[in-house]
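S.K.: There's a structure below that I have some questions on.
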Amino acid sequence: MARSRYALMLVVLAAAYFGAAKLGIELSVAQGLVTPVWAPTGIAIAALYLGGTRLWPAAALGAFLANATSGADIPVAAVIAVGNTLEAVVGRIAEGLLVLSLLVGLSCLVFLAGY
């Protein structure tokens, strides 16, 4: 059961990433593969937050397929997919560090305000 749930989560994330990426690439303001808004990164970070970083292959697959089917050469699509995947993984990891940093900062502020 757990394996089928994990597989389903991978498929859903890859499909959502692919769909959002194709939508972003197809925007009339986009030129080629450059877009002003890249919503798939937010989707991937949210999925990695909810399902764990073990879902990164789905983000990589969605990014690769979206770029490969939008006119990028296969090696270029692979490099873009690596960058997009790293965005999501580092964003997920940094989110935890940011929360910790904010808590430490807030604690220091509250402590110093007492003096």
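S.K.: Suppose we filter segment 35-60 for residues that are closer than 16 Å to A15 by Cα, surrounded by 15 or more Cβ atoms within 10 Å (Cβ to Cβ) and either among the β-branched types (V, I, T) or in contact (Cβ under 8 Å) with a residue 12 or more places away in the chain (or both); how many remain? Can you show your working first?
M.R.: First pass over segment 35-60, keeping only residues closer than 16 Å to A15 by Cα: 38-48, 51, 55-60.
Pick out the ones that are also surrounded by 15 or more Cβ atoms within 10 Å (Cβ to Cβ) and you get 38-41, 43-48, 51, 55-56, 58-60.
Next cut, either among the β-branched types (V, I, T) or in contact (Cβ under 8 Å) with a residue 12 or more places away in the chain (or both) only: 38-41, 43-45, 47-48, 51, 55-56, 58-60.
Number of matching residues: 15.
S.K.: In segment 61-72, what residues are of a type outside the set (G, A, S) and modelled with pLDDT of 95 or more?
M.R.: First, pick out the residues of segment 61-72 that are of a type outside the set (G, A, S): 61, 64-65, 67, 69.
Result: L61, F64, L65.
The values are calculated or read from the model by the stated rules, or taken from the named source; none is laboratory data. Everything quoted here is computed from the prediction, not taken from an experiment. Counting neighbours? That spans all protein chains shown, and the Cβs are built from the backbone with ideal geometry, glycine included.
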